[in-house]
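Worksheet for the structure shown next.
A short reminder: the numbers here are calculations on the coordinates, not readings from a lab. Keep in mind that what you see is a predicted model, and the values were worked out from it rather than measured. Cβ coordinates were reconstructed from backbone atoms using ideal geometry, including for glycine residues, and neighbour counts include every protein chain displayed.
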Amino acid sequence: MHLGDLTEWDDPETIANGCITAQKKLISGYKGAPTTNLDKFDEGMNPKHVALSLIGEPTLYPYLPELITRFHEEGMTTFLVTNGTNPSILKRADPTQLYLSLVAPDRETYLNVCNPNNDYWDDINKSLKLLSTKDCRVAIRITLVDGINMKDADKYADLLKKADPDFIEVKAYMHLGHSRKRLDRTCMPSHGKVKSFAWDIASEMGYKVVNDSEISRIALVSNRSNTELEL
């Protein structure tokens, strides 16, 4: 059965209420600990931010736009992470921040890296164009795997120009977890190589590398001024 064949989904109200209830249950045991800051505990019992990400692709949920609206009605911010393969849902979704993972500079590399059950490259390009129309903060992440997708900075820049993002995270693949069964440690680029690649993208776009972290092997590219970044 394909996801599109499903006829029963939890409604946004059920999911929103369930998330808040689960958060409260998760931290409830800390109230009795002598080291617990009760002011911070009270903050945790009234969550203000929601991340729609992590395991799976959130845009597969057909009522995601309505779920985002429901969280906003509770006075909460929403952080949506997507791979860009479902532009029809993305078009209707209006989160506080939209974060897209871009894994390749071209179709051939995308198919090699992701090995998808369908070719979603055209959908990803549609999603990139949609990002430029969104009235929210937009960030795009590129995870670089040396020898596989760490190439053609100019092609990445052409794709990124479609989205006109506020931020671009250029980060190194880390040789951890199950990926070690598929990739060699040499696939993990150094921070110097990551930062150099980030500058190549930034130069093509008229952006700048505004920050970086050597221990995390990541560089932040933006078109914002230092004043805006501080805000």
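Please list log₁₀ I(q)/I(0) at q = 0.20, 0.29, 0.31 Å⁻¹ for region 11-64, using the Debye equation with identical point scatterers on the alpha-carbon positions. Here log10 of I(q) over I(0) equals -0.80, -1.19, -1.26.
Estimated translational diffusion coefficient (Stokes-Einstein, Kirkwood radius over Cα pairs, 25 °C, 0.890 mPa s) of region 102-231: 161 µm² per second. The relative contact order of the chain comes to 13 percent, based on Cα pairs under 8 Å that sit 6 or more residues apart. Here K40 is the anchor, and the lysines within straight C-alpha reach of less than 16 Å, apart from those fewer than 8 places off in the same chain, are K24, K25, K31, K48.
When DSSP beta bridges are restricted to pairs lying wholly in the chain, around 35% turn out antiparallel.
Beyond a 19 Å Cα-Cα separation, which of these cross-linked pairs lie in this structure: K171/K195; K162/K208; K155/K193; K151/K171; K155/K208; K161/K193? In this structure, K161/K193 exceed 19 Å between Cα atoms.
Can you give the percent of C-alpha pairs in the chain whose distance is more than 21 Å? In whole percent, the share of Cα-Cα pairs in the chain beyond 21 Å is 63. A cut-off of 5 Å between modelled amide H atoms, ignoring neighbours fewer than 5 places along the same chain, links D212 with L220. Other residues whose C-beta falls under 14 angstrom from the C-beta of D10 contribute a net charge of -3, scoring Lys and Arg +1 and Asp and Glu -1.
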